[in-house]
Amino acid sequence: IFDVLDQKQRGFVSKVELSHILDAMQADAGRHRLSIPEGLSPRKILRDCRVNLQDMTGFLEELTVADLEDVKWFAESVVKVETELRDLWVDALRRWREDLLRLQSRELHQYLLNSQPKAVSRWLQLRDGAVGANSPGGGTASGLGFSLHEVETLFAANTAEEINSYQQQMEPFLQALDIRRQLEFGGSNDQVKVLLQQLSDLAESNRDLACLLIHEDSLGMACGFTKTAITVSEPSPPMSSEVILEASKLIMTLLSHSLHLNCEHPKCTAMLCSFLETDYDPDAVEAPVLSPLPRISSRDRCSLGSVGGRASILVAAAGPRKPQTISTWVENLVTTEYDLDRGDFVDKLIKYDEQRLRSEEVSESLFSHGRTIPLLLGRLNLSSPLSTHERRTPLRTHLLKFLLNILSSSGDRGRRLFRSAKGMQVLSTILRGDSWGEPLDEASQDFEETAELPPSEWQGVYDAKDLRYYPCDFVDDKFYGPKDRVLAAAFLEYLCSEELWGEDQLMEEVLASKGLLQVLCRVPSCQNLLRVILRHRRFGETLERSASMLAERFVEGQLRPLLSPSLPRLSVPFSFGGFSTPEHREALQAFHRAYMEAETKNSRMRILSFMYHHLQNAQGVDQEDVDELSRLLAAHLPPEVLPVAMAVFLAQEAGAAARTECLYLLRLVQLYQLRSTVPNFVVELEGRLRSLSQEAPSSEALSLTASLSSSLVKRFPRSTPCELVQSLITLLREFTEPVKATRQELQILAFSRLCFYLPPQKTSQDSAAALWAELGLSDRKLRKVQETLLQIPAQMLEAPFTDFSHPNCCMLHRDGYLSLLQLTLDEQMLAFIYCGGAWMLWANSLNTSALTECSKVPSYFGVA
């Protein structure tokens, strides 16, 4: 009996074990009851102790040989059962340890804490750390490890069935690792699809499993499959789109656990944050530029039987592999080659993102952290090369919806990302569509830089490349309608709402954009948004910034050719090396500042005039809305409006200027009239400009807008009143016997430069007498006027004017666009007008006997 129980030959057996054997025999109904020695009664054994052979002989000396044989047989049976049970226990324990070491070797055992009993989880936590490299079961820095002895001690109180149940709870984690390893080697589309489905099911069933898969970069792996399955230019195998969907489903399942918010595992959190690009700084990184889709040559198409085969081609086609992130995944889906697949993928993205919008407390979108917002805007930018933006109108509407969902809960970060990708300018390209601009051929892959705008467009308001578009981007509009433009307008209005950004934040984006005002005024559906912008207190700042950007581009284009060292001879009186001196640099900078200031004012007036023009021509807009917007524009007109209009109108090249700038000046003058009551001069100036913008005058009438030779103009100066009178005397004398110029040229010169005559045409006179009578002048009168003017000191008739006293002459001075000099001679009054740096004789009294009658001139110009 002693040898049977002492299997390990230690020289003693357990007193408790011996007592339990005797007690079990005592309970066996088929056997006669043994008298258990008093020392082996279970009730009297308080704690276990060792029993040697001599002690056992003493305990069992009262038993017969037959009883001892029964005890021996029973002990052998018990030992046999215990040996079998222990073998099962050890086997279960070894399997549990082996599976644990597989996970621990990849630092994945930390994800078992919630699936194991509390005692085991605590045991694992004590051993969580860097494992020694000498052996798989080596100790940690704390001296604790995963040796067999430590595991036996851990499960000393557990049965094999319990250990097996703990091991079965590890199986999903090991299964996930096995599937993950198989996916690394690729396979056919069917195989990859099944494996991805299995991983998705595992990740969906267990949060800790999702952590483990994220730890193993399964997000990046799945993202790689979405790229691999879409790189072939020929029709993909039937399962290729399903592979993309399954890979995307795996990504969505892993992200749905929101582990970036409440995961207790640092490595999982770090991997997930890296995938979500939470550290992306839009202010430090330029917006992404989408590369064209890679095309595979025909000789490679025969070797595309598996996803693994495609992966090698992808590397060759797309260059070095970039990090796999959430924006990479979105880019793969929205750049899929086939329209139906691309639409389906975008729809899946929208539905996945909208799940968070159905909860009571809306969380921020996972797509709002990294490059996704700039990437979507890049796909919507219709001014980008044809190969990089979305060409189908229905898909653009889906992308707009997806983008708006992301921005709706991304706060200030979303707005910064939106600005980094020039979101306002991108939306303006959609709003513009093909409504205006110059179409490009589909073969042209980029917008060529050019300084010339289409003839139908206003000069100085647009950049040429902002007016280019591809007609193939709008082929869907014939049957689908321009829904992307409608949605883009609604998109901007929603950005303006208090639920999203509000008016102040929207104006920040308008300030940072280029050319948005020029687009909004031409889109009828944007009138409400335009009203908000015009009423905002920062519209003046927005207008000034837009004008400054136009002026900067114009000044740069004007000055760079003059100062370019590549020219054979500079066009300015400086040597290029001379700019190195401080004096030259300061002089050039001062000239540049003055040029910029003048051109900024000009651009500001051009923008206002341009916006007013298109508001007046808008179709389907209520007239009351147009009038309200026009008045808001008029409130921002600068005080230089009339001086600019007069200076351009009365310039030396008045005819050419009237033809090219008449519409700009007309709209500017019309806008000026909305501010307050204006003098008759402004009203008549509008009529003159309106006539110039219409059909050319008949051949019988003398057109005063015709160009004159510079040599003729130089012969008749008008820098002072005396020079003007002398030029009139000379002109009227030559009119009798024209030698160097025809009578028509002299009349055009007289009424377009020397005399203030507003109508664009007049009846031609054939004789000097008729011309004298029409003006109400004579040679003698002009001589006397000249003598009177010579009595006034010359400096008194030079700008800036000051009051002076003379019995027959007085200066009516006004701070503004002109000054008047009235002179009385023989009961006849003449008026001289100073405007644009030159003098002119009043000759615009059309309903009197003489054109020079000037009794109502002060009221005509609004001079008190």
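Please verify whether segment 383-392 includes one or more residues that are closer than 22 Å to ASP281 by Cβ, part of a loop (DSSP other than H, G, I, E, B) and open to solvent by 10 Å² or more (accessible area, probe 1.4 Å). Within segment 383-392, not a single residue is closer than 22 Å to ASP281 by Cβ, part of a loop (DSSP other than H, G, I, E, B) and open to solvent by 10 Å² or more (accessible area, probe 1.4 Å).
Would you pick out the residues in segment 495-545 that are in a helix (DSSP H, G or I) and of a type in the set (Asp, Glu)?
We begin by selecting, within segment 495-545, every residue in a helix (DSSP H, G or I); these are 495-496, 503-512, 516-520, 524-535, 539-545.
The answer is GLU503, ASP504, GLU508, GLU509, GLU541, GLU544.
Evaluation of HIS398 against the conditions (1) at pLDDT 90 or above; (2) open to solvent by less than 40 Å² (accessible area, probe 1.4 Å) shows that the sole unmet condition is (2).
Scan PHE185, PHE155 and give me the residue that is open to solvent by less than 50 Å² (accessible area, probe 1.4 Å) and of a type in the set (Phe, Trp, Tyr). If you could, list the steps in order and put the result at the bottom.
On the way: PHE185 fails: open to solvent by less than 50 Å² (accessible area, probe 1.4 Å).
The match here is PHE155.
Check ASP441, ASP473, ASP466 and return the single one that is of a type outside the set (A, V, I, L, M), modelled with pLDDT under 90 and buried (at least 19 other Cβ atoms within 10 Å of the Cβ). I'd like the intermediate steps shown before the answer.
Values: ASP441 fails: buried (at least 19 other Cβ atoms within 10 Å of the Cβ); ASP473 fails: modelled with pLDDT under 90.
Going through ASP441, ASP473, ASP466 in turn, the sole match is ASP466.
Filtering segment 819-845 to residues that are over 19 Å from PRO717 (Cβ atoms), modelled with pLDDT under 85 and assigned to a loop (DSSP other than H, G, I, E, B) leaves ASP826, GLU827.
Among the residues making up segment 417-433, a single one is of a type in the set (Val, Ile, Thr), under 10 Å from VAL519 (Cβ atoms) and open to solvent by less than 10 Å² (accessible area, probe 1.4 Å): ILE430. Per this entry, CYS810 is counted among residues that are modelled with pLDDT under 85 and open to solvent by 40 Å² or more (accessible area, probe 1.4 Å). When PRO697, PRO721, PRO759 are checked against the criterion of being at pLDDT 80 or above, surrounded by fewer than 20 Cβ atoms within 10 Å (Cβ to Cβ) and farther than 30 Å from LEU632 by Cα, a single residue qualifies: PRO759.
When the test is whether a residue is in contact (Cβ under 8 Å) with a residue 40 or more places away in the chain, closer than 21 Å to LEU500 by Cβ and not aliphatic (A, V, I, L, M), SER368 passes it.
Do we find that GLN786 is at pLDDT 85 or above, more than 30 Å from CYS662 (Cα to Cα) and open to solvent by less than 80 Å² (accessible area, probe 1.4 Å) in this structure? Considered against the rule, which asks whether it is at pLDDT 85 or above, more than 30 Å from CYS662 (Cα to Cα) and open to solvent by less than 80 Å² (accessible area, probe 1.4 Å), GLN786 comes out as yes.
The values are calculated or read from the model by the stated rules, or taken from the named source; none is laboratory data. What you see is a predicted model, and the numbers here were worked out from it, not measured in a lab. So basically every Cβ, Gly included, is an ideal-geometry build from the backbone, and we count neighbours across all protein chains shown. In case anyone asks, the SASA skips ligands and DNA or RNA and just uses the protein heavy atoms, side chains included. Shrake-Rupley method; radii C 1.70, N 1.55, O 1.52, S 1.80 Å.
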